[in-house]
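The values are calculated or read from the model by the stated rules, or taken from the named source; none is laboratory data. Here the structure is a predicted model, which means the values were calculated and not measured. So basically every Cβ, Gly included, is an ideal-geometry build from the backbone, and we count neighbours across all protein chains shown. To get the accessible areas, we keep the full protein, side chains included, count just its heavy atoms, and leave off ligands, DNA and RNA. Shrake-Rupley method; radii C 1.70, N 1.55, O 1.52, S 1.80 Å.
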Amino acid sequence: MDWTLYSLFLAAGLTVAAAPGPTVLQIFAQSLTGDIRRPVSLIAGSLLANALMVSATVLGISAVILASQTAFDIMRWIGSAYLIYLGIQYWRMRGAVLSPAGPPPAKPYRVLFFQAALTSLTNPKGLVFYIAFLPQFVAPGGDPQFQLAVLGASYILLCLIADSGYVLAGRMLTRLFATPRAMRITNRLTGTALIAAGLSLLRVQRST
């Protein structure tokens, strides 16, 4: 490993990981409910999806998928439809706030887990990112697969750090959002952002 190159990767990777995306928006919104297990379930699902995409990148599977226009379009349409569906679901939420004696979670934790995993896996931006971003930090002369694995694992750790930061921020702001009206506004903003992300996904092109 080239440690100078690796340091640059960590700085760039953390910036990318901290940028608000569909899963990050959901993690932050769920952290405002007061139930820490809800955003943690989303984080776990997202990390699993990223681990699978790193494995696909190391094995070269992602390159094969991106080389096929049909496979890419199928992923793009499924990902777009799913994000729009999630956005509509957030818009329909009533804005209930959890409390020790409050209502049970609207969705089981396992549903949130698979929701985050599916959101990430059906978003072709993920594969484009891994196959276009990681190789830039592979030092010549070394084992490319080993370096890609290290870079991918490091990026997953950076995602965990960034997502945890959003959970912490949400927990600190919980009291400010501890009203049904505030939660309803938050859910609708999240829903709008997810729908916008779904629509923007239709314009994503394969990397060349």
Would you mind stating whether PHE113 is open to solvent by 30 Å² or more (accessible area, probe 1.4 Å) and modelled with pLDDT under 80? no
Filtering helices (runs of 4 or more DSSP H) wholly in segment 1-80 for at least 1 residues that are among the β-branched types (Val, Ile, Thr) and at pLDDT 85 or above gives 3-18, 22-31, 37-59
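Report, by residue number, each residue of segment 11-26 that is over 22 Å from SER80 (Cα atoms) and either open to solvent by 20 Å² or more (accessible area, probe 1.4 Å) or among the hydrophobic types (A, V, I, L, M, F, W, C) (or both). Spell out how you get there, then give the answer.
Residues of segment 11-26 over 22 Å from SER80 (Cα atoms): 11-15.
Of everything in segment 11-26, those that are over 22 Å from SER80 (Cα atoms) and either open to solvent by 20 Å² or more (accessible area, probe 1.4 Å) or among the hydrophobic types (A, V, I, L, M, F, W, C) (or both) turn out to be ALA11, ALA12, LEU14, THR15.
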Condition check for ALA139: under 29 Å from SER55 (Cβ atoms) and open to solvent by 40 Å² or more (accessible area, probe 1.4 Å): no
